[in-house]
């Protein structure tokens, strides 16, 4: 009887979200981007934190972990909580870039490159607005 291989229904996460955040911080540094604030509390009342924040341009990056293991962000309660957090961030003028941990790795710079493009676009837009005024 031939052995059959079972396909996995999910991708195992071998690195923690914190490890991926540290890796992303290193990638951002290597790209020469301004140093972000880590675990930045942005709301005046709630104790919400952004994984990465550039308060001067109101840009935040949230690293979304647990995607393949039914983590907090995938549960209905977690999803609703994230919607509340990101909605309130928008009310306060923040732009939030969400990146999955899969976009961060030794050979994967997708998250860092997205953040770099976002910062460049925001700085360029601010320069245009300043030139007009």
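The values are calculated or read from the model by the stated rules, or taken from the named source; none is laboratory data. Remember, predicted model here, so these are calculated numbers, not experimental data. Virtual Cβ from ideal backbone geometry, glycine too; neighbours counted across all protein chains shown.
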Tell me, which residue of region 12-27 that is assigned to a loop (DSSP other than H, G, I, E, B) and touching a residue at least 24 places away in the same chain (Cβ under 8 Å) is nearest to residue 87 (Cα to Cα)?
16
Can you tell me which residue among 92, 28, 49 is touching a helix residue (DSSP H, G or I) at 6+ places or on another chain (Cβ under 6 Å), closer than 27 Å to residue 119 by Cα and at pLDDT 95 or above?
28
Are there any pairs, at least 6 apart or on different chains, whose C-beta atoms fall under 6 Å, with the first in region 28-48 and without any contact (Cβ under 8 Å) to a residue 24 or more places away in the chain and on the phi > 0 side of the Ramachandran plot and the second surrounded by 15 or more Cβ atoms within 10 Å (Cβ to Cβ) and part of a strand (DSSP E or B), and if so, which?
39/49
